[in-house]
Structures are given as structure tokens and as C-alpha cells.
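The values are calculated or read from the model by the stated rules, or taken from the named source; none is laboratory data. Note that the structure is predicted; figures quoted are calculated from it, not measured. Here Cβ is always computed from backbone atoms with ideal geometry, including for glycine, and neighbour counts include all displayed protein chains. These accessible areas exclude ligands, DNA and RNA; they are computed on the full protein's heavy atoms, side chains included. Shrake-Rupley method; radii C 1.70, N 1.55, O 1.52, S 1.80 Å.
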Amino acid sequence: MPETMTEPGLAIERRLELRASPARVWRALTDPAELAAWFSQRCGIDLRPGGEAWFDWDDGGRYAARVEAVEPERRLVIRWATEEDQALDAGPTTVIEWTLEPGRNGGSVLRLRETGFTDPAARFGNVHGWLDELHELAELVAEPGDAWQAGIRETYELRSEPDRVWAAIATTEGLNGWFGPIVGLAIEPGSEGWFDWPAHGRFAVRIEAVEAPRYLAWSWTPHRDVPLADATEVLRTEWYVAGKDGGGTRLHLFETGFQGPDEHRANAEGWATDVLAALRKLLGEA
């Protein structure tokens, strides 16, 4: 289902396709040692409804939490404080809901939903945070020696200001100028069209989320002339635009859903070289 935010306070919703089994992913969500390997540096969790939990980051403080619901290998709900070193019932909280189901080729589909935000700045902070944390989760559950299972994570340092970078990645004119050509695609959730590259062919794409001016996500297939409904490999590409102190932009990319190393290798090379060069050229930074 496409995701969008039209006003502050709505949920953060994310979908992550992993090659790891539901049992393996569940362990990463619930075992304290595993949680501390991707979500916080130290934590504790009493895995039962009403059980206490806490998460502690070296540079972010300690956050109180409580388990609200547990359905082993299917669903986990946790409420946690939005301010460090605060009792859970002493201030605002948000609710994290994880749902887990079998995916393709023995893998998993993991969905995240976080609700209860009252501060749009805090919400966007978590949008960025989840981009990092979910990548660390994907790295944790990837098979040793198969780094492609964790997807692609890139950060681009740009001189242009965030509004200029957002226009480049989240408007049809901008995308046509460096990533396109795009055909039949509007930059709004649910819109479907094609990336149509003369040298490579056309590739189906759907916009999943537009949260101006920071977050954009689309799904697409790396197989030419295949509609998304028929694709055996559907990638999810997520962007986050962050301003830098002193000016400029840090542009974050996270791409997941690979079913093998070949497409991962090709895309990793493309994002790191040709695509970045084209974006810099459009921005006047080449």
C-alpha cells in the first residue's frame, strides 16, 4: 500500500523485504543481544504483554519502553518514551508495531508502523533514524558472505541546499534531468510509470511515499519491460534529504529487495558512479 504524510502526527510506515526467515528476523527483534546489535547499544526486554523494556544509545541516552503485544514470529508492539531518561508514563510516547510474514524464496516481509507523534521535527528525526536502523537490521540478518542481502546504503555529500536537492529527486522535471527519462509517472503516492532509458530499456516503477521536503520512496523492478505486478524482483529505493551545519546537503539512499548478487552489484556500481555524477551535473556541482 502506498504511504504518504499529509499532516504532522501521522504514522511512519515502512516495508522491508529480507532474505532471512521469519524466525531469524523475529530473533533480531526480540533477543536483547540481537537488538543491541542494530537498535541501540544496550537494551533489555521482558517479552510479554506489560513487560518492561529499555533502549540505551551512547550518544542518545536511555529510553523507557513497555511491551504491549506479542504474537511470536508474527507481531510485536512496543510503546516507548520520546524523551531520554524519562519514565514511560511521565510524558509523550510513540508506539512501534512490527508485523512479520513469510516472503519470497524463504525470506520475510517486515513492516514497521510508528504512531503517536505530536512534533513534526521529532517525526522526521525518526524517519531518518529508521533509515539507518533498518539498514543495520538488514546487515545483521544477512547470511555471512552474502552482503548483497543487506541492500545498498549510500550517503552523498552535496554542496547544494536541501530544497534544491529535494526538487532534483522529487519532481518529474528534476528526475528527468538526471535519473530519467520517466514516462507516465507523477511524483505522488500510488502513481505508476516507467524509467525509460534508451540504452537499457524501460523499467516499471511506483511511487510509494512522498514526505516533503525530506523523504521519498519508490518501488521498481530491475527487469526490463515487466510490469510490477508480474515482477519476480521488486526493489525499494528510499531517499532522505538532510541539511548540513554550515550549508549543503547530506543525501541518504537505501535500496533493498534484491534476490541475488548480480542486480545488487550492478546497482551498487551505478549508484556510486554514473548516477551520482549525473545528479552532481544537474545541481551544477560537477
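What does the charge add up to near L110, with Lys and Arg as +1, Asp and Glu as -1, over the other residues with Cβ less than 10 Å from its Cβ? List each step's numbers first, then the result.
Numbers: positive: R14, R15, R111; negative: E17, E101.
For residues surrounding L110, the net value is +1.
Could you work out the relative contact order of the chain? I mean the mean sequence separation of Cα pairs under 8 Å and 6+ apart, divided by the number of residues, in percent.
So the answer I get is 17 percent.
Compute the FRET efficiency between E233 and D85 as 1/(1 + (r/R0)^6), taking r as their Cβ-Cβ distance and R0 = 41 Å, and round to the nearest 0.05.
Approximately 0.40, to the nearest 0.05.
So, counting K/R as plus one and D/E as minus one, what does the shell of residues with Cβ under 14 Å around A229 add up to?
Result for the neighbourhood of A229: -3.
Could you tell me which residue out of W57, W80, S219 lies farthest along the dipole of the chain toward its positive end? Charges go on the beta carbon: Lys and Arg +1, Asp and Glu -1, centred on the Cα centre.
S219
List, in order, the whole-Hz ³J(HN,Hα) value for each residue of region 108-120 obtained from phi through the Karplus relation with A = 6.51, B = -1.76, C = 1.60 and θ = phi - 60°; use x for Gly and Pro.
9, 10, 10, 10, 10, 9, 10, 10, x, 5, 10, 10, x
Could you check the spin-label model distance between E285 and R74? Points 7 Å from the Cα along Cα→Cβ, value in nm.
4.7 nm
Between E68 and residues 5 or more places away or on another chain, which pairs have amide H atoms under 5 Å apart, with H built 1.01 Å from N, and which residues are they?
Sorted by chain and number, the residues that satisfy this are G50, V77, I78, R79.
Each label point is 7 Å from the Cα along the Cα-to-Cβ direction; what then is the distance between the points at E136 and W57, in nm?
0.8 nm
Within the accessible area of the chain, what % is carbon and sulfur when the probe is 1.4 Å and the other protein chains stay in place?
Roughly 48 percent of what the probe reaches on the chain is carbon or sulfur.
Starting from 0 in steps of 5 Å, tell me what percent of the Cα-Cα pairs of region 67-147 lands in each bin.
Histogramming region 67-147 at 5 Å steps yields 3, 12, 18, 23, 20, 13, 7, 4, 1, 0 percent.
Rounded to the nearest whole Å², what accessible area per residue is found for the chain with the 1.4 Å probe?
So the chain comes to 45 Å² accessible per residue, rounded to a whole number.
What is region 1-128 by shape, rounded, prolate or oblate, if you read a ≥ b ≥ c off the alpha carbon gyration tensor as root eigenvalues and call it rounded for a/c under 1.5, prolate for a/b larger than b/c, and oblate otherwise?
oblate
Go ahead and set up a Gaussian network model of the chain, Cα springs under 10 Å, then flag whichever of G243, G106, G174 fluctuates most.
G106
On full extension of the chain, what length is gained from A147 through W197, given 0.36 nm per residue of separation minus the C-alpha to C-alpha distance?
Fully extending the segment from A147 to W197 adds 15.2 nm.
What distance in nm lies between label points placed 7 Å from Cα along the C-beta direction at N176 and T115?
Each label point is offset 7 Å from its Cα along the Cβ direction, giving 4.0 nm.
Any idea what Rg and Dmax come out to for region 32-94 if you just take the C-alpha atoms, in Å?
Both quantities, over Cα of region 32-94: 11.4, 32 Å.
For G247, what is the net charge nearby, where nearby means another residue's Cβ is under 15 Å from its Cβ and Lys, Arg count +1, Asp, Glu -1?
So the environment of G247 carries a net charge of -1.
Suppose we keep just the DSSP beta bridges with both residues in region 162-257; what percent of those would be antiparallel, to 5?
Given both bridge residues lie in region 162-257, the antiparallel proportion sits at roughly 100 percent.
Can you give the calculated 222 nm mean residue ellipticity of the chain, where each DSSP H run of n ≥ 4 adds -39,500 (n - 2.57) and the sum is split over every residue, rounded to the nearest 500 deg cm²/dmol?
Roughly -7500 deg cm²/dmol at 222 nm, from the helical runs in the chain.
Could you quote the convex hull projected area for region 152-286, Cα atoms only and averaged over all directions, in nm²?
Convex hull of Cα atoms, orientation-averaged projection: 7.6 nm².
Scan around F179 for amide H atoms under 5 Å from its own, H built in the peptide plane at 1.01 Å from N, and keep only partners 5 or more places away or cross-chain.
Residues meeting the amide H criterion: none.
Measure nothing fancy, just the Cα-based angle from helix 261-270's long axis to the longest principal axis of the chain, in degrees from 0 to 90, nearest 10.
On a 0 to 90 degree scale, this one is about 70.
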